[in-house]
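The values are calculated or read from the model by the stated rules, or taken from the named source; none is laboratory data. If you're wondering where the values come from, they're calculated on a predicted model, not measured in any experiment. In this analysis, Cβ positions are derived from the backbone assuming ideal geometry, glycine residues included, and neighbour counts consider all displayed protein chains.
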Amino acid sequence: MSVTRMRKYLARKVASLFFVLIGVSVLTFALTGLVEGNPAERALRRAGVDPTLQEIAFMEERLGLDRSLPEQYLGWVGDALRLDFGVSHQTDEPVLEELARHLPATAMLSLGAFLLMIMLSLPLGIMAVAFHGRWPDKIIGAATFTLMGVPGFVLGTVLLYFVSVRLGWLPMVGEISFGRLVLPMVTLALPMACRYVRLIKGGVLDVLGEDYIFLMRTQGLRERTVLLGGAFKNACIPLVNLLGISFGTLLGGSVIVEYIFSWPGLGSFLMVSIDSRDYPVVTAYLLLMATAFVLINFLIDLLTFLLDPRISFERGA
């Protein structure tokens, strides 16, 4: 690939990323308009004031609510670009500081679940291919099909009840520790690992019918070399994009799991913020998580092109 074509491709991707981020910001800002009631009146009542119409009008002017929607949006975006999301109604602390305080716990959980998902799906997917049609493959297929359909909150509740309450093997509450991390990590990783087992199996079986696999076998290579060195390597390249989507989903989609296990991450903080109508926290969380998801997939998209030179820069992802 020429440097000029690569630069054109990167320019198109960055431009599309820019418009996607604008769309994300517009949708996030629009959510604030769906909130019931007058934000100025809510702010005064939270301060313990029974507001009059004049006090509400003054607060609207102070908050910039008397301006037009485009002006409000531009002001909000300007503050967001400076990472100024206002003050949390729960703690009276800057929203960014509150999110940063809870981010390490969520990052730890997401990364642990992501690694566990890979550690489970790769060997089971290869085993399902190696024993295709035999009883190990059938057991793996039945287990993955069953667990794929179990919602996260159901799986988490069952694990919490039996492992922590009935058996007492792992703690339910307390400080952040590996013992507290295990159950939420398994709850997030297990259903996703089941999906990847089936994807790996289907991808490898499709690749096994290619001509270069037949050529490797005619050269007398061992079946394990053919399976791992040829079929598996090429079948997993299309899964790189899905891995990026999965990590973004884990990062932003662990809300219910964190809440079930009282894990002190962004998800638990978001649930408490929604319950207390702490909208600066909610909008900041949505904007930052959506932006992180878009950026992760942008980087994974670029990585896919680097891993597979057969993909043309002209036709995109």
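Residues that are in a helix (DSSP H, G or I), out of contact with any helix residue (DSSP H, G or I) (no Cβ under 8 Å at 6 or more places or on another chain) and either at pLDDT 70 or above or of a type in the set (Phe, Trp, Tyr) (or both) within the stretch 35-55 comprise Arg45, Leu53, Gln54, listed in sequence order.
Residues that are exposed (fewer than 15 other Cβ atoms within 10 Å of the Cβ) and either polar (S, T, N, Q) or under 26 Å from Thr91 (Cβ atoms) (or both) were ranked within the stretch 4-29; the one that is modelled with the highest pLDDT is Ser16. Can you confirm whether Thr187 is part of a helix (DSSP H, G or I), surrounded by fewer than 13 Cβ atoms within 10 Å (Cβ to Cβ) and of a type outside the set (A, V, I, L, M, F, W, C)? No; evaluated as a whole, the condition is false for this residue.
Here Gly133 meets each of (1) buried (at least 16 other Cβ atoms within 10 Å of the Cβ); (2) farther than 18 Å from Arg195 by Cα; (3) small (Gly, Ala, Ser) with one exception, condition (1).
Of all positions in the stretch 60-75, none carries a residue that is at pLDDT 85 or above and not in a helix (DSSP H, G or I).
Just one of the listed residues (Ser262, Ser254) is touching a residue at least 60 places away in the same chain (Cβ under 8 Å) and crowded, with 20+ Cβ neighbours inside 10 Å, and it is Ser254. Taking the stretch 172-182 as the range and being assigned to a helix (DSSP H, G or I) and more than 20 Å from Phe247 (Cβ to Cβ) as the test, the residues that pass are Phe178, Gly179, Arg180.
Residues in the stretch 256-278 that are over 30 Å from Leu44 (Cβ atoms) and acidic (Asp, Glu): Glu258 only.
Determine whether Ser268 is surrounded by fewer than 18 Cβ atoms within 10 Å (Cβ to Cβ), modelled with pLDDT of 85 or more and within 30 Å of Leu83 (Cβ to Cβ). Answer is no for this residue. Just one of (1) of a type in the set (Val, Ile, Thr); (2) at pLDDT 75 or above; (3) part of a helix (DSSP H, G or I) fails for Thr32. It is (2).
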